[in-house]
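A short write-up of the structure that comes next.
The values are calculated or read from the model by the stated rules, or taken from the named source; none is laboratory data. A quick note: this is a predicted structure, and the numbers were derived from the prediction, not measured. A quick note on method: Cβ atoms are made from the backbone with ideal geometry, for glycine too, and the neighbour counts reach across all protein chains shown. With ligands, DNA and RNA removed, areas are computed over all heavy atoms of the protein, side chains included. Shrake-Rupley method; radii C 1.70, N 1.55, O 1.52, S 1.80 Å.
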Amino acid sequence: PKASRGICGADAHAIAGRNYLRMVAAGTSAHSDHAREILHILHTSSADGNYHVRDEQKLLRLALEWEIPTEGRDIYDIAHEVAEVGLQEFGKSFGTQLFLKRATKERQQVWHDQGIEPRAIDREIATAMHMTHMGNTADPEFLVRQGLRTSLSNGWGGSMLGTEITDILFGTPTVRTTEGNLGVLEKDMVNIVVHGHDPVFSEMVVTAAEVKELVDYAKSKGAKGINMVGLCCTANEVAMRHGVRMAGNFLQQENAILTGVVEMMCVDVQCIFPSLAPLSECFHTKFVTSSPIARIPGSIYIEFKPETAFDQAKDLIRMAIDNFQNRDNAKTYIPPTKQTAVVGYPTEQIIKQLDGVTNSHLDEIGSYKPAIDAIKAGVLRGAVAIVGCNNPRVRPDYSHFEIMKELLANDVLIVATGCAAQVATKAGLLNKEAKYLCGDGLRRVCELAD
Ligand code: SF4
């Protein structure tokens with residue numbers, strides 16, 4: 001730097017701390033706003049509308065946790081009240097996040113002692129923005145502390161709300177076998193890529209693609225059918241709930257269009273390259289944006305509305321089918337790479353799998369105890385969540401893969417999502433053969449749980 005301090009006297013620590021906190025605030029706003037949208041959808045859900053309650057048991061458990069009466073009430077009345085309580089988590093004036101109580105007592109005490117229990121999600125974001133506005137906090141320790149508090153409001157607030165409500169609306173994922181990488185695109189079919197994060201959009205598009213009338217329409221246009229694939233975090237959502245195959249992760253979005261066989265790429269929010277618009281123009285691909293949060297020049301903008309969602313989704317599928325005839329076969333190449341993956345492990349599924357290795361005469365079932373016992377005994381050395389984005393500054397997927405390999409070899413169980421899960425897919429780590437990369441302890445546990 002030319003000078004050791006900025007014109008106001010802020011040093012490098014203050015500047016780096018402020019930038020860091022602003023990044024945390026931006027990330028929290030994105031993930032939590034996603035949850036807010038889903039809660040609004042739950043609030044509009046109805047038996048005869050476009051969005052329904054698919055996991056009633058999960059809804060009832062959450063209502064119980066939040067002390068919402070359920071006895072003798074219509075499931076949609078309960079859903080709407082759950083949505084209202086959830087929405088309060090964003091802006092309530094007093095108190096901390098409700099889900100903090102799910103953590104162990106010891107963990108709650110640490111947060112309390114450190115003064116970082118998150119309050120309303122929007123408040124933590126606003127506080128972060130205020131602290132980093134001109135002339136406020138310059139002590140990096142307090143910027144980092146607010147970073148922790150803001151990210152806790154995301155992890156134990158927005159993201160947890162998003163997961164719960166998504167499962168309630170679209171069903172809790174179950175184990176499915178699918179495939180991943182660009183080789184899942186099909187030469188003879190209408191290829192539609194759903195990309196982004198918000199299943200409110202992709203669920204409708206995927207469901208519409210299964211409508212027989214549309215499949216027949218695709219066939220009438222010379223295609224063998226409709227090939228729906230996912231990209232980025234949306235790929236995980238639709239893979240876990242429908243077995244939809246995954247075309248790739250963040251740094252492969254342009255590659256999908258470059259294959260020349262994508263009739264439509266339709267997107268909702270987050271991780272959408274603006275370059276998709278000019279790139280689509282080099283091919284026949286229709287690039288459709290659907291959310292006011294992600295407006296991109298050069299795209300076809302069709303704002304998705306809950307009241308008309310399914311009809312809009314069917315219109316999109318028809319548009320993609322009509323575009324099949326415009327494909328230029330001289331410009332197509334589908335890389336012949338894909339891997340099988342077994343996906344769909346929410347907490348319920350993990351516990352179910354662990355029940356299979358529980359001695360039901362001695363131990364309680366329905367808990368993580370077998371995994372905890374394996375960790376206590378040293379057979380497993382721990383569990384690590386890799387929730388990772390890709391970054392063009394380093395070789396795509398490289399660091400994720402190297403870290404995963406090392407952890408597996410050292411008997412550490414990995415829970416992966418986002419682009420990291422797709423790295424694991426492409427590298428073949430989500431199928432049973434990957435046990436040969438594991439250390440002895442983890443391999444034994446995998447074999448037992450299988
Ligand atoms: S993991 Fe990160 S980079 Fe990948 S799609 Fe999700 S948010 Fe985007």
The condition of being within 16 Å of the ligand (Cβ to nearest atom) and in a strand (DSSP E or B) holds, among Met228, Met246, only for Met246
Result of the Cβ filter at 7 Å on the stretch 244-264, keeping first residues that are outside the structural domain of Ser202 (by TED's automatic domain parsing) and partners that are within 12 Å of the ligand (Cβ to nearest atom), at least 6 apart or interchain, is none
Among (1) in a loop (DSSP other than H, G, I, E, B); (2) open to solvent by 30 Å² or more (accessible area, probe 1.4 Å); (3) modelled with pLDDT of 95 or more, Ile296 falls short only on (2)
If we take the stretch 355-426, then helices (runs of 4 or more DSSP H) inside it with 1 or more residues that are away from the ligand (no atom under 16 Å from the Cβ) are 369-376, 398-409
Taking the stretch 193-211 and keeping residues surrounded by 22 or more Cβ atoms within 10 Å (Cβ to Cβ) and either of a type in the set (Gly, Ala, Ser) or more than 19 Å from the chain's Cα centre (by Cα) (or both) leaves Gly196, Ser202, Ala208, Ala209
Flagged pairs (Cβ under 6 angstrom, 6 or more apart or on separate chains; first in the stretch 204-225, assigned to a loop (DSSP other than H, G, I, E, B); second at pLDDT 95 or above and open to solvent by 40 Å² or more (accessible area, probe 1.4 Å)) are Ala223/Met189; Lys224/Asp188; Lys224/Met189; Gly225/Met189
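Do we find a residue being assigned to a helix (DSSP H, G or I) and loosely packed, with under 15 Cβ neighbours inside 10 Å anywhere in the stretch 269-284?
Yes, the stretch 269-284 has at least one match.
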Going through (1) at pLDDT 95 or above; (2) open to solvent by less than 50 Å² (accessible area, probe 1.4 Å); (3) more than 21 Å from the chain's Cα centre (by Cα) one by one, Asp440 fails only at (2)
Pairing a residue in the stretch 23-38 that is over 16 Å from Glu237 (Cβ atoms) and in the same structural domain as Ser153 (by TED's automatic domain parsing) with any residue that is among the basic types (Lys, Arg) and assigned to a helix (DSSP H, G or I), where Cβ atoms lie under 9 Å and the two sit 6 or more apart in sequence or on different chains, gives none
